[in-house]
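Novice: Sharing a structure below in structure tokens format, with a few things to ask.
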Amino acid sequence: MRTTTGPAAIRRRLLGAGGLVAAAALALAGCSSGTAPTDDSSSTAGDARDELVVATSALPSTFNYDGGTGSGAENEELSRNTMAALIKNVVEVNETSGLPEQNLYEFEGELAESYDVSDDGLVYTFHLRDGVLSQAGNPLDADDVLWSYERKWLAPTATNKSLNNPVITDPLSQFQKIDDLTVSVTIAAEGQGHLLLSLMANNTGYIYDSDLLKEHVTAEDPYAVQWSMENANHGFGAYTVDSFTPGQELILAANPNWYAGELPIQKVTYRVVADPGTRANMVASGDADIAESIRPVDRADLAQTEGVKVTDFAFTNLLVSLGMLTNRAPFDDETVRQAFAYAVPYQSIIDNVYMGAAARRVGFLSPTLPGYSEDSYPDYEYDPDKALELLAEAGVTTPVAFTLTVPNWLPDLEDAAVQIQSYAADAGFDVAINKVSLADYNAGGPAATFDAMLRRNYAIVQSPTYVLNLLFNPDNGHTRWVSEEYRSIIAEANAQSDALAPETVDLWLEAERLRLEEMPLTVIAAVPQLNAFRADVQGHVNRSDNAIQFSNLSIGAE
Amino acid sequence: MAATTAAPAIRVRSVQWGRALRLGLPLIPVLLLVIVAVFGPAWVPYDPERIVAPPYRAPGGEHWFGTDSNGMDIFSRTLAATRLNVVVATITALAATLGGMVLGLTIGMGESASGVWGVLFRGIARILDLFEAVPAVVIALVVVAFSGTSIPSLVLVLSIVLMSTQARLVRTEVLAVRNEAFVDAARMTGQSEAGLTIRHVLPHSAMPAMENAPVVFGQAVILTASLGFLGVGLPPPTPEWGAMIAQGAADAAVGRWWPATFPSIALILAVVIVAFLIPRLLRGRRGRSQG
């Protein structure tokens, strides 16, 4: 008789488990197809070629950001494709890369046909397009704009208030309805105009279908935030959510009401494929048109694969950085922080983790900022001797031990942490790596529980004041770095009449230089977008939100 | 006559040799595993936690098993991981077996009692059944979420998870032994329940759990690897087979087969050696002593 609990039975189960592990590992190793394309001509998604298949690592967790739980690239990309703002950044072909990229300093109408600015630079008037319909078929009007901003501020879970500081502080008084298709926004200082437009052109400025959402308002949910988190298609975006199977598949369909007319891509099917190597294989073999969240090493392989392309933009705002908690040892000492900045193997991370495709960056400000220069910045490169010298100067015992926290869903950051641990050992630091889940990572950073943490993120709003403030909120910034001098320089820059004038740019650079000297955080590199496309997918634009905007795409010969 | 007496002698010697071979052959891989676990980290050509070369060097003369995504030597890491995985599994097997004996004895002796204690022990017995019904890795994931990931907490988690099997084996034996005549006789001599449990019940109930200890060892190796594979194991870059397999799995999918293959082979070998050859060895020795 076969027993179910005796040693023999357990051994049988163990054999099964061992066999399973063996089979899985060896099957992966032995049966892989490499990255060679199987059939270039059979590229996916049916015969119509107005459909795309996207292999992704995860699906959005919400249909709306305002619940305060919508961070993540998947949510960002969904909102970018299903929502729309009054304006957008102008897209131009970059001379260096030959690829379409956002001009971060020029704007044009999206849901608004145009906008104009008063002579004193304080009043922005937006002229809405006539006849624009929402995904639900409701017409766009000034009330949608006012209600959207009211919701962004007054909904109990609203997260927009701090993001819009200091330019929009009270939308109820700053936003005025001139007529059904005209809205004005008044700001306090002329120099904040670029920040206003940057905010209104991105996810912070999406306009909701107020007619639809008001139908779902309840006493507990006065702005239908909860409803819109669970129900899609409440905006004016280019695509509608056609179907959603959690954890498996999301299908977007072109919005027939889209203001700009018929879209070249009519249907987008996201398929969840957990393994990054398999996602890379799918785009190589033509089983997917786009692979998202691939590993840098797979990106490098795919760049050499026939029928596949990756995008080498001249500039990305996708920055890997390492923040140090400045209000407790060991990083409460500025000299120790500087020493650690010399212990980070920047070039090794670029070469070994990002396969040479990343670019060394030291600051958060965009290099595209007019007059940008790093000449005044301290020169931090890997220099173990310099690090040891600084540690001796600080009078601390070496090795300086601390824990470096990395998110467990970004393998490139784990690899970067291992590089840091290995190289920093020669520079007087004993680094323990702590891999944490999404929830622990998102909670621990703002709560200042990590000695140091690696991040890979981007400032969607590429206005200098936004970028410089984003990670250094004294209340919940993960470094807890407080510098009155830094704040006063930014305040002085904000008071200038033109945020992009040479003298103002000098102030932005001065703030960045100060941050680099006091070193609460070291920027390691700007990394490439980790997507790959079939060669016939055209039109991907380098956006500050790093999302793929399907309304820009088409399928055809290069 | 000489010929007739020599044949049985040769037969006896060949039987002895055959028995020695049957006992000795399984011993060789077991000894090899122990030697690798003890001395392996000292033999490795490179520091298993340092970057020593560019990433993804294919297996070759300089790096026999190649290098991984970080540029660490896979041969050194696979060897170094042997000690960690074997030590964790050995301590787990000992702790789970000892804990399981205590628990199994206590429940087995106590669950026939009337009143609250009886209810309590019978309840614990059902909980042990429940543990058996839920995949160990799921329980381990939950416990790790609270205890964190370090070698002591990993051992604790694995011991708790695997103790239930040992406890159930002992309890089953206790239920049979506790009503034997020799136990009643001991009870009638005035021995306390605790005393007769330890002196008379334990020696007759512990053997199944002890025989199962190598299996627990194997389970511990696989569970450690599973937790590492699921990303909740020991912190990187600790050399551990499961984490190495997890790290290399995505590489295997795109043709870089070596980062996952070598730790997979090591894992399989260790489990086979301990879970299958050691019990065979024990059975052989017991058979000899009985013979």
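The values are calculated or read from the model by the stated rules, or taken from the named source; none is laboratory data. Predicted, not measured: the structure shown is a model, and the values here were computed from it. No Cβ is skipped: glycine too gets one built from the backbone with ideal geometry, and neighbour counts run over all protein chains shown. When the accessible area is computed, the model is the full protein with side chains, heavy atoms only, and any ligands, DNA or RNA have been set aside. Shrake-Rupley method; radii C 1.70, N 1.55, O 1.52, S 1.80 Å.
Novice: With charges only on Cβ, +1 for K and R and -1 for D and E, what is the dipole size of the stretch A:195-277 about its Cα centre, in debye, rounded to 20?
Specialist: 260
Novice: Okay, moving on. For chain B, what's the relative contact order in percent, using C-alpha pairs closer than 8 Å and at least 6 residues apart?
Specialist: Contact order relative to length: 22 percent.
Novice: Take every Cα pair under 8 Å in the stretch B:14-144 that's 6+ residues apart, average their separations, divide by the length, and report that relative contact order as a whole percent.
Specialist: 16
Novice: Which whole-number percent of Cα pairs in the stretch A:372-442 have a distance greater than 14 Å?
Specialist: 66
Novice: Quick one: what Rg and Dmax do you get for the stretch A:427-558 from the alpha carbons, in Å?
Specialist: Computed over the Cα atoms of the stretch A:427-558, radius of gyration and Dmax are 18.9, 55 Å.
Novice: In deg cm²/dmol, rounded to 500, what helix-only [θ] at 222 nm does chain B give when every DSSP H run of at least 4 residues adds -39500 (n - 2.57) and the total is split over its residues?
Specialist: So the calculated ellipticity at 222 nm is -25500 deg cm²/dmol.
Novice: Put +1 on the Cβ of every Lys and Arg and -1 on every Asp and Glu Cβ in the stretch A:348-412; which of A:Val353, A:Pro407, A:Gly395 then has its Cα farthest towards the positive end of the dipole?
Specialist: A:Pro407
Novice: So if I place +1 on the C-beta of Lys and Arg and -1 on the C-beta of Asp and Glu, and nothing else carries charge, what would the dipole magnitude of chain B be about its Cα centre? I want it in debye, nearest 20.
Specialist: In debye, rounded to 20, chain B gives about 1060.
Novice: Which log10 I(q)/I(0) values, to two decimals, does chain B give at q = 0.07, 0.12 Å⁻¹ under the Debye formula with one point per Cα?
Specialist: Once normalised to I(0) and log-transformed, intensities are -0.38, -0.86.
Novice: Using the Cα centre of the stretch A:123-280 as origin and beta-carbon charges of +1 (Lys, Arg) and -1 (Asp, Glu), tell me which of A:Asn233, A:Leu199, A:Val272 is placed farthest towards the positive end of the dipole.
Specialist: Most positive-ward Cα: A:Val272.
Novice: If one computes the Cα centroid of the stretch A:134-213 and of the stretch B:28-44, what distance in Å separates the two points?
Specialist: Here the answer is 68 Å between Cα centres.
Novice: How large is the translational diffusion coefficient of the stretch B:173-223 in µm² per second when you combine the Kirkwood radius over alpha carbon pairs with Stokes-Einstein at 25 °C and 0.890 mPa s?
Specialist: The calculation lands on 200 µm²/s.
Novice: Let me ask something else about it. Between the stretch A:438-463 and the stretch A:229-292, how far is it from one alpha carbon centroid to the other, in angstrom?
Specialist: The distance from the Cα centre of the stretch A:438-463 to that of the stretch A:229-292 comes to 28 Å.
Novice: For the stretch A:77-175, what is the per residue volume of the convex hull drawn over the alpha-carbon atoms, in cubic angstrom?
Specialist: Hull volume over Cα atoms, normalised by residue count, gives 157 Å³.
Novice: With helices defined as uninterrupted DSSP H runs, which ones in chain A have an alpha carbon span along their own long axis of at least 20 Å and mean Kyte-Doolittle hydropathy of at least 0.5?
Specialist: The answer, listed by residue number, is A:7-30.
Novice: Any chance you could count the Lys pairs in the protein assembly as shown whose alpha carbons are under 22 Å apart, treating pairs 8 or more apart or on different chains as valid?
Specialist: Lysine pairs meeting both conditions in the protein assembly as shown amount to 10.
Novice: Please state the relative contact order of chain A as a whole percent: Cα pairs under 8 Å, 6+ residues apart?
Specialist: The value is 19 percent.
Novice: Could you check how much of the accessible area of the protein assembly as shown is carbon and sulfur, as a whole percent, using a 1.4 Å probe?
Specialist: 57
Novice: Under the definition of partner shielding as Cβ atoms of other protein chains within 10 Å of a residue Cβ, what is the mean value for peptide B:214-221?
Specialist: Across B:214-221, the average partner-chain Cβ count within 10 Å equals 4.
Novice: Right, next: Set Lys and Arg Cβ to +1 and Asp and Glu Cβ to -1, take the dipole of chain B about its Cα centre, and tell me which of B:Leu267, B:Ala125, B:Ile278 lies farthest positive.
Specialist: Selected residue: B:Ile278.
Novice: Tilt of helix B:74-110 relative to the longest C-alpha principal axis of chain B, in degrees (0 to 90, nearest 10)?
Specialist: 20
Novice: Right, here's the next one. Compute the longest continuous run of chain A that contains no exposed trypsin sites (Lys or Arg not before Pro); treat a site as exposed when its DSSP state is not H, G, I, E or B and it has at most 12 other Cβ atoms within 10 Å.
Specialist: Result for the longest clean stretch: A:3-327.
Novice: Calculate, in whole percent, how much of the Cα-Cα pair population of the stretch A:203-359 lies beyond 23 Å.
Specialist: 64
Novice: For peptide B:257-267, what's the mean number of Cβ atoms from other chains within 10 Å of each residue's Cβ?
Specialist: 4
Novice: Enter the angle in degrees (range 0 to 90, nearest 10) between the Cα long axis of helix B:2-43 and the first principal axis of the Cα atoms of chain B, meaning the one along which they spread out most.
Specialist: Computed tilt is about 60 degrees.
Novice: List every residue whose amide H lies under 5 Å from the amide H of A:Ala432, counting only residues 5 or more places away in sequence or on a different chain, with H placed 1.01 Å from N in the peptide plane.
Specialist: A:Phe402, A:Thr403, A:Leu404
Novice: Another one. Sort largest first and round to whole Å: the equivalent ellipsoid semi-axes of the stretch B:145-291, each the square root of five times a Cα gyration tensor eigenvalue.
Specialist: Three semi-axes, in Å: 42, 19, 9.
Novice: When 1/r is averaged over all different Cα pairs and the result inverted, which Kirkwood radius in Å belongs to the stretch A:436-492?
Specialist: 12.5
Novice: Next question. What GluC sites (Glu not before Pro) in the stretch A:142-235 are in a loop by DSSP, with at most 10 other Cβ atoms within 10 Å of the Cβ?
Specialist: Within the stretch A:142-235, the qualifying GluC sites (Glu not before Pro) (loop, at most 10 other Cβ atoms within 10 Å) are A:Glu220.
Novice: What share of all Cα pairs of the protein assembly as shown, in percent, falls into each consecutive 10 Å distance bin?
Specialist: Going out from 0 Å in 10 Å bins, the protein assembly as shown shows 2, 11, 18, 20, 18, 13, 9, 5, 3, 1, 0, 0, 0 percent.
Novice: Also, quick follow-up: Mind checking the per residue accessible area of the stretch A:407-558 for me, 1.4 Å probe, whole number of Å²?
Specialist: 31
Novice: Ok, one more. Compute for chains B and A the buried accessible surface, both sides summed, probe 1.4 Å, and express it in Å² to the nearest 100.
Specialist: Between B and A, the summed buried area is about 3400 Å².
Novice: Nearest 20 debye, what's the magnitude of the dipole of the stretch A:403-558 about its Cα centre given +1 on Lys and Arg Cβ and -1 on Asp and Glu Cβ?
Specialist: In total the dipole reaches around 500 debye.
Novice: Given the DSSP H assignment, sum -39500 (n - 2.57) over each helix run of at least 4 residues in chain A and divide by its residue total; what's the result at 222 nm in deg cm²/dmol, nearest 500?
Specialist: -8500 deg cm²/dmol
Novice: Nearest 10 degrees, 0 to 90: what angle lies between the long axis of helix B:207-229 and the longest principal axis of chain B (Cα atoms)?
Specialist: 30
Novice: Which semi-axes, in whole Å and largest first, does the equivalent ellipsoid of the stretch A:219-301 have when worked out from the alpha carbon gyration tensor as the square roots of 5 times its eigenvalues?
Specialist: Value: 31, 18, 11 Å, ordered largest first.
Novice: Based on Cα positions only, what radius of gyration and what Dmax would you give for the stretch B:65-119, in angstroms?
Specialist: Every Cα atom of the stretch B:65-119 included, Rg and Dmax give 21.6, 64 Å.
Novice: Over all directions, the average projected area of the alpha-carbon convex hull for the stretch B:138-211 comes to how many nm²?
Specialist: Result: a mean projected hull area of 6.3 nm².
Novice: May I ask you to find the residues of the stretch A:275-300 that are shielded by at least 50 Å² of accessible area once the whole protein assembly is considered instead of their isolated chain (probe 1.4 Å)?
Specialist: Correct list: A:Arg295.
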